[in-house]
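This report refers to the structure that appears directly beneath it.
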Amino acid sequence: MRLVSPLLKHVIYPGLSKAGYLRRAAGTGPAVLTYHGVLPAGYSVVDPALDGNLVSADSFRRQLTFLKGQYNVISPEEFLLWCEAGHELPPRSVLLTCDDGMRNSLSDMLPFLQEAGLTCLFFVTGASLADTPTMLWYEELYLMFLAGPENFTLELLEIGLQAHADRREKRSLWWELVKKLSFYDSDRRRTLLERIRMQLGLSEQWDAEYRGDPAGKRFLVLNQTELRQLASAGMCIGAHTSSHPMLSHLPPELAWSEISGTKHNLEQTLGKKIWALAYPFGDSLSVTSREIQMAERAGFQCAFLNLGGGFGLQTPKFALPRVHVTAEMTLAEFEAHISGFHRSLQNLFRPTNLSAAVESNA
């Protein structure tokens, strides 16, 4: 698939989209899209791998215009009625969701949604219940690695880590640490991050450039006041756990606390029922049957993965697939994912683990 992807992206998908084939081929729905925010005005990309989950303002506007013209964008409330009681939805229904609750959700994403007259289901972490703005811990770790020396050694023997990394190895070491640090609660994780900062030789103010405007809108999560503003603007709020770990790596009691605790705390703060959960990372390595069962037991009405979406799939309530919208997607590629055509073509060459996960939890 990698060898033919430029052909798909620039020739086949545009041709199929222009001919209306992708829209006509769309199977049963709804299809669910997941964003991770809009790049703030004036922001310069720090790292393509890190920032690739966010879309440009121009892309977001064009995608919303396209969806309104060719599909039926439903509200989160309509989706809930469908999920709870089998409420009939219009053909080619699409639900918009956004993960992580970054500040750009309010400053750079909300205005486009309001302009288009659309609503979105925003999944936020427990960090958005605080008054002090913070970063997502795994992005903070990545930025530490970028800010650190070209070559460095880390020694955290209590978590089984003793590693040396050069420029080429930083990303693989970062991902190894994401998995290891997910095993701990947020307080212990914060202590370990502080030790990493010191071993990298970074000052206490190393992240100052990421807290100012416009970078702060990119890297800081919504605080409690901003979260209330987003909800007051008519947007729906869902849970994204307390601290965004890889849930499958947590001991059972911590996994349960992450899933159930954030639901309770968000409901207490907003005075509204929190009915939807998005699993952090949301792939087959971070979500197992244990987490799916916990989501249902915690009282959510549904829970979302972060891969494998598009029309034409079974939709188990607690393992709902989503189309992950990324920065490099062209509009035709965007539609190929929504229609389910991209997934079907991909499965011809490499069946995904999602299919097994969906079928086992249907």
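The values are calculated or read from the model by the stated rules, or taken from the named source; none is laboratory data. Everything quoted here is computed from the prediction, not taken from an experiment. Quick reminder, even Gly has a Cβ in these numbers, built from the backbone with ideal geometry, and neighbours come from all protein chains shown. Heads up: the accessible areas ignore ligands, DNA and RNA and are worked out on the full protein's heavy atoms, side chains in. Shrake-Rupley method; radii C 1.70, N 1.55, O 1.52, S 1.80 Å.
A few notes on this one:
- Scanning region 13-33 for residues that are among the hydroxyl-bearing types (Ser, Thr, Tyr), open to solvent by 50 Å² or more (accessible area, probe 1.4 Å) and closer than 13 Å to Ala336 by Cβ yields a total of 1.
- So Glu140, is it in a helix (DSSP H, G or I), touching a helix residue (DSSP H, G or I) at 6+ places or on another chain (Cβ under 9 Å) and without any contact (Cβ under 8 Å) to a residue 12 or more places away in the chain: no
- One residue alone among Arg167, Arg189 is closer than 22 Å to Leu247 by Cβ and of a type in the set (D, E, K, R), and that residue is Arg189.
- Filtered by the rule that a residue be in contact with a Lys or Arg (Cβ under 8 Å, 6 or more places away or on another chain), open to solvent by 30 Å² or more (accessible area, probe 1.4 Å) and not aliphatic (A, V, I, L, M), region 34-65 gives a lone residue, Tyr43.
- Contact map, region 169-187: residues that are closer than 16 Å to Gly148 by Cα and of a type in the set (A, V, I, L, M) paired with residues that are open to solvent by less than 50 Å² (accessible area, probe 1.4 Å) and part of a helix (DSSP H, G or I), Cβ distance under 8 Å, separation 6+ or inter-chain. Pairs shown: Leu173/Phe145; Leu177/Leu141; Leu177/Ile196.
- Among the candidates His87, His10, residue that is open to solvent by 60 Å² or more (accessible area, probe 1.4 Å) and part of a helix (DSSP H, G or I): His10
- Residue that is nearest to Phe112 (Cα to Cα), among those in region 62-98 that are touching a Pro at 6+ places or on another chain (Cβ under 9 Å) and among the aliphatic types (A, V, I, L, M): Leu96
- In region 216-231 there is at least one residue that is assigned to a helix (DSSP H, G or I), of a type in the set (Lys, Arg), within 19 Å of the chain's Cα centre (by Cα) and closer than 27 Å to Ile274 by Cα.
- Members of region 148-188 found to be open to solvent by 80 Å² or more (accessible area, probe 1.4 Å), under 24 Å from Thr134 (Cα atoms) and part of a loop (DSSP other than H, G, I, E, B), listed by number: Phe183
- Test for Glu155: is it among the acidic types (Asp, Glu), touching a residue at least 24 places away in the same chain (Cβ under 8 Å) and more than 19 Å from Met102 (Cβ to Cβ): yes
- Qualifying position, being at pLDDT 95 or above and among the basic types (Lys, Arg), among Arg190, Arg167, Arg92: Arg190
- Test for Ala327: is it among the hydrophobic types (A, V, I, L, M, F, W, C), farther than 27 Å from Asn265 by Cα and surrounded by fewer than 17 Cβ atoms within 10 Å (Cβ to Cβ): yes
- Region 313-346, residues that are among the aromatic types (Phe, Trp, Tyr) and assigned to a helix (DSSP H, G or I): Phe334, Phe341
- Filtering region 189-226 to residues that are hydroxyl-bearing (Ser, Thr, Tyr), farther than 30 Å from Trp256 by Cα and open to solvent by 30 Å² or more (accessible area, probe 1.4 Å) leaves only Ser203.
- When the residues of region 271-305 are filtered to those that are part of a helix (DSSP H, G or I) and basic (Lys, Arg), the one that is most open to solvent (accessible area, probe 1.4 Å) is Arg297.
- Hey, Thr262 open to solvent by less than 10 Å² (accessible area, probe 1.4 Å), under 26 Å from Phe318 (Cα atoms), modelled with pLDDT of 95 or more and not in a helix (DSSP H, G or I) or not: no
- Residue within region 19-37 that is under 21 Å from Gly310 (Cβ atoms), of a type in the set (Lys, Arg), assigned to a helix (DSSP H, G or I) and at pLDDT below 95 present: yes
- The single condition among (1) at negative phi; (2) at pLDDT below 95 that Gln293 does not meet is (2).
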